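Only the coordinates and a few stated rules stand behind these numbers; no lab work does. In this text the structure is predicted, and so the values were computed from the model without any measurement. Reconstructed Cβ throughout: ideal geometry from the backbone, glycine too, with neighbour counts over all protein chains shown.
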Amino acid sequence: MTIKTPIPHSKPCLGKDDISAATDMIKKRMLSSGEEVQKFESEFAKYIDIKYSSAVNSGTAALHLALLALNIKAGDEVIIPTFVCTALLNAVNYTGATPVIADVSPDDGNITLQDVKKKLTKKTKAVIVPHMFGSPADVKGIASLGVPVIEDCAQSIGAEQSNRKTGTMGQISIFSFYATKMMTTAEGGMVLSNDRKIIDKVNDLRSYDHRADYKVRFNYKMTDIAAAIGRCQLLKIESFIKSRRAIADYYRQKIESDKLIHLAEKAGTRHVFFRYVVRLNNMTAVKAVARFKSLGVNAELPLYLPIHRYLRLDRKNYSGAEKLYREAISLPIYPDLKKIEMKKVASSAKEIIIG
Ligand SMILES: *Cc1c(COP(=O)(O)O)cnc(C)c1O
């Protein structure tokens, strides 16, 4: 058997079921937000084990509305980690609040309690805590500081800590169903909370029509077409996670060396391996990625650029993120990855890193 190269870094996992669910909606002329979205909202909330939910059209929209639901506005401060996509920085800036950037641990990519503590002021109104790469962050520790936590579960659908799913430990949680996330609706997102008032507010702000009063509102609605795909994907999420965990096991066993560190599952957690990340200690990540690509394997840096670099903050204050940025690479991982492709990734890693 031959394999098509390059092996993509990430890939949506869609079947005939997803395709017919979406086309059914089109045939029924169910195009915008209706019953299908409501069904997806309640099924997804049930899966995570949270009472109330509101579906939107992206993870970014979910973050924006979560911040507004906490009344965050100009003059407030919101702490976010540096090692994350700029969606978080954008969402904070949409509200006019001041983003405060915290460092992360090079061992899992997650925001550190220590740096959050340091950056806390009287103006801090929330901390956004992503569970990076699918590995649960210390939400409990951060929540114990007494500031509301928005859990960002865009990369961690199905991940668990002490047998509780990520998304159940903060005041609000947000999810993304972008094409290559844990599960997809093409583009899409969700806000969950056990606080009914928060979700009422999100529901009020996500669409503008049929309102008795006027205030600034948005058009962040999810479509029934997207929700139909999401419902199908949700039925498969546990099998997606099982596949990802099996690939992670394979990589950990086959790519063994003192020249690299696997960002592995932590005790007491269930990692869902949205990304499979290793840190290299004998070459830069940039160089390794180029060599993987020359062998037909699209390894990538796990992040385009840390936020403190965009904002030109002093790199000395972000030593965890700097280390991760210099040393970490992300290997192809997704439910559709074939055994022969996994072998090729592992043999390329051996050739490049271990030599
Ligand atoms: C993808 C992602 C987002 C943004 O989601 P979109 O649906 O692309 O807007 C936010 N936070 C994290 C951690 C992400 O990985």
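What to note about this one:
- Beta bridges per DSSP with both ends in region 43-202, % antiparallel, nearest 5: 45 percent
- Relative contact order [Cα under 8 Å, 6+ residues apart], region 260-355, whole percent: 37 percent
- The residue among Ala288, Ala264, Tyr318 whose Cα reaches farthest toward the positive pole of the charge dipole of region 239-331, with charges on the beta-carbon of Lys, Arg, Asp and Glu, is Tyr318.
- Projecting the Cα atoms of Ser105, Tyr47, Val92 onto the dipole axis of region 1-108, where Lys and Arg carry +1 and Asp and Glu carry -1 at the beta carbon, places Tyr47 farthest toward the positive end.
- Computed from point charges on the beta carbon alone (+1 for Lys and Arg, -1 for Asp and Glu), the dipole magnitude for the chain about its Cα centre is near 500 Debye.
- Rg in Å to one decimal, and Dmax rounded to a whole Å, for the chain via C-alpha atoms: 20.3, 68
- When the alpha carbon coordinates of region 180-232 are projected onto the principal axes, the ranges are 37, 24, 15 Å, largest first.
- In terms of overall dimensions, the C-alpha atoms belonging to region 208-355 reach 68, 43, 36 Å along their principal axes, ordered largest to smallest.
- Volume per residue of the C-alpha convex hull in region 134-269, rounded to whole Å³: 154 Å³
- Other residues within the sphere of radius under 13 Å centred on the Cβ of Ser348, judged by their own Cβ, net out at +4 (K and R +1, D and E -1).
- Other residues whose C-beta falls under 11 angstrom from the C-beta of Val129 contribute a net charge of -2, scoring Lys and Arg +1 and Asp and Glu -1.
- DSSP bridge orientation in the chain - percent antiparallel, rounded to nearest 5: 60 percent
- Sequence-distant contacts, meaning Cα pairs under 8 Å at least 6 residues apart, place the relative contact order of the chain at 24 percent.
- Furthest towards positive pole of dipole, Ile157, Gln233, Ile329, structure part the chain, Cβ charges: Ile329
- GluC sites (Glu not before Pro) within region 220-267: DSSP coil, no more than 15 neighbouring Cβ in 10 Å: Glu256
- With Cα atoms defining each centre, region 262-317 and region 158-187 are spaced 21 Å apart in the structure.
- Region 99-181: Rg to Rh, with Rh as the Kirkwood radius over Cα pairs: 0.95
- The residues packed around Pro81, meaning those with a beta-carbon under 10 Å from its beta-carbon, carry a net charge of -3 if Lys and Arg are +1 and Asp and Glu are -1.
- What the pair-distance distribution of region 117-164 shows, using all Cα-Cα distances binned every 5 Å from zero, is 5, 20, 30, 22, 13, 8, 2 percent.
- Relative packing of 239-251, 97-109, which averages over residues the other C-beta atoms within 10 Å, highest first: 97-109, 239-251
- Placing +1 on the Cβ of every Lys and Arg and -1 on the Cβ of every Asp and Glu, with nothing else charged, gives region 201-355 a dipole about its Cα centre of roughly 140 debye.
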